[in-house]
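Colleague: My structure is below; once you've seen it, I'll send some questions.
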Amino acid sequence: MILKGYLFTYGYLIVILLLAFGLRKIFNLRTLFTKKFIHIMISFCYLILYKYFGSSIHIIIPPLSFIVINILSYKFKLFKSMEDGSGNLGTIYYPISVFIMALVTYFVPEFYGAFGVGLFCMAFGDGFAPLVAGYLKSRQIYNHKTISGTATVFAFSLVIIIIFNYYFKFGFNVIDMILVSVVAAALELFDRKGLDNLFLPLGVSLVVYLMEVI
């Protein structure tokens, strides 16, 4: 069971990287698109962790290894599909936030649902926001973030919290779920060198967990 978890996790990572590389070469896509493709798709590793590792110590190993891999990729430009040379550290903050949430889940298994909400809100919200904002031009509201991009984060976050509310039985009402989505959209505004990949998932997961237990 544990071995399968590791095989599926790293096998899935390799497939995503190869797909991103292939899409970049075949369609001559900009790094932004392949970077966001990886950003979104890699979040599904959560499902593998949940199924095969549960809240065992193994849950923290893949994100810890991803931190090392992403630091090496950032420094030596190993995976050009996710390195745009802008100096943005989002690819490093991403696995750091996942590692922190996984570590909390190891000690507090009840955090698993909140972990998933934080991760997917960041992956889908922040992943699609710049793509939508690039096509739907709108007014900037803060820190170069636009209305259309922020609305995208809110919309995806709302869908995600609805799904997790049903599956994990959070017991949230409509106002609660809207509040979580607003928090996600607000935290995504604080994007300084990719820090939203740290603030958004950690902030959202903390809010969701506190709303559960209070």
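The values are calculated or read from the model by the stated rules, or taken from the named source; none is laboratory data. Here the structure is a predicted model, which is why all the values come from computation and not from measurement. Cβ atoms come from the backbone with ideal geometry, glycine included; neighbour counts cover every protein chain shown. Accessible surface is based on the protein model in full, side chains and every heavy atom, while ligands, DNA and RNA are left aside. Shrake-Rupley method; radii C 1.70, N 1.55, O 1.52, S 1.80 Å.
Colleague: State all residues of the stretch 54-85 that are more than 19 Å from the chain's Cα centre (by Cα) and part of a helix (DSSP H, G or I); if no residue qualifies, say none.
Modeller: Scanning the stretch 54-85 gives 57, 58, 72, 75, 76, 80.
Colleague: Within the stretch 10-31, is there a residue that is of a type in the set (S, T, N, Q) and farther than 16 Å from residue 205 by Cα?
Modeller: Yes, some residue in the stretch 10-31 is of a type in the set (S, T, N, Q) and farther than 16 Å from residue 205 by Cα.
Colleague: Name the residues in the stretch 1-28 that are more than 12 Å from residue 52 (Cβ to Cβ) and polar (S, T, N, Q), would you?
Modeller: Within the stretch 1-28, just 28 meets the criteria.
Colleague: Can I ask one more? Here is a list: 5, 11. Which entry is without any contact (Cβ under 8 Å) to a residue 40 or more places away in the chain and farther than 22 Å from residue 124 by Cβ?
Modeller: 11
Colleague: OK, next. Which residue out of 156, 170, 199 is part of a loop (DSSP other than H, G, I, E, B), of a type outside the set (S, T, N, Q) and buried (at least 16 other Cβ atoms within 10 Å of the Cβ)?
Modeller: Being part of a loop (DSSP other than H, G, I, E, B), of a type outside the set (S, T, N, Q) and buried (at least 16 other Cβ atoms within 10 Å of the Cβ) holds for just one of 156, 170, 199, which is 170.
Colleague: When you go through (1) closer than 21 Å to residue 55 by Cβ; (2) surrounded by fewer than 20 Cβ atoms within 10 Å (Cβ to Cβ); (3) not aliphatic (A, V, I, L, M) one by one for residue 105, which number turns out not to apply?
Modeller: (2)
Colleague: Okay, next question. How many residues are touching a helix residue (DSSP H, G or I) at 6+ places or on another chain (Cβ under 9 Å) and either open to solvent by 60 Å² or more (accessible area, probe 1.4 Å) or over 19 Å from residue 193 (Cα atoms) (or both) if we restrict to the stretch 109-133?
Modeller: Count: 12.
Colleague: Filter the stretch 15-30 for residues that are open to solvent by 100 Å² or more (accessible area, probe 1.4 Å) and within 21 Å of the chain's Cα centre (by Cα) and give the result.
Modeller: Once the filter is applied, which keeps residues that are open to solvent by 100 Å² or more (accessible area, probe 1.4 Å) and within 21 Å of the chain's Cα centre (by Cα), the stretch 15-30 yields 18, 21, 30.
Colleague: What are the pairs with Cβ atoms under 7 angstrom where one residue, in the stretch 58-76, is in contact (Cβ under 8 Å) with a residue 24 or more places away in the chain and the other, located anywhere, is open to solvent by 70 Å² or more (accessible area, probe 1.4 Å) and of a type outside the set (A, V, I, L, M)? Sequence gap at least six, or different chains.
Modeller: Filtered contacts from the stretch 58-76: 59/106; 60/106.
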